[in-house]
Amino acid sequence: QVQLVESGGGLVQTGGSLRLSCAASGRIFSSYAMGWFRQAPGKEREFVAAIRRNSGSTYYADSVKGRVTISRDNAKEMVYLQMNSLKPEDTAVYYCAATWRMTVTIRSDYEYWGQGTQVTVSS
């Protein structure tokens, strides 16, 4: 089992920044690839970003590329999502997730999920 707890969400104006954090506990954190997903009201949960176990490779959705950076600290068992130049369409609940699979952009391939943190971007 892996337990994930997100934090750092909130209300921000268009163009602002937020840094989301995800604290992991349980099985060996460094064994898992980590991802961030988001779900807006009435929409499917969608992939945002992912990072492999050794932080060597990162992946981003086209909608956030260039504005978002995912990183991890295996010693602290933390994963982060730095979001800049936020837009109203970024408003959603953001979820941290963990997977041992190689496919890191597919929602259904993630085994463990946090409860989510709300991000609201006002126009």
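Just so it is clear, none of the values below were taken in a lab; they were calculated from the coordinates. Just so it is clear, the model here is predicted, and its values are computed rather than measured. Neighbour counts run over all protein chains shown; Cβ positions are idealised from the backbone, glycine included.
Before moving on, here are some points about what is shown:
- Within straight-line reach of K76, meaning a Cα separation under 18 Å, sit the following aspartates and glutamates at least 8 residues removed in sequence or on another chain: E6.
- Packing around the peptides 54-61, 42-49, taken as the average count of other Cβ atoms within 10 Å per residue, puts them in this order, highest first: 42-49, 54-61.
- Cut-off 10 Å between beta-carbons: net charge of the residues surrounding T58, Lys and Arg +1, Asp and Glu -1: +2
- Net charge, E46 excluded, C-beta distance under 9 Å - Lys, Arg +1, Asp, Glu -1: +3
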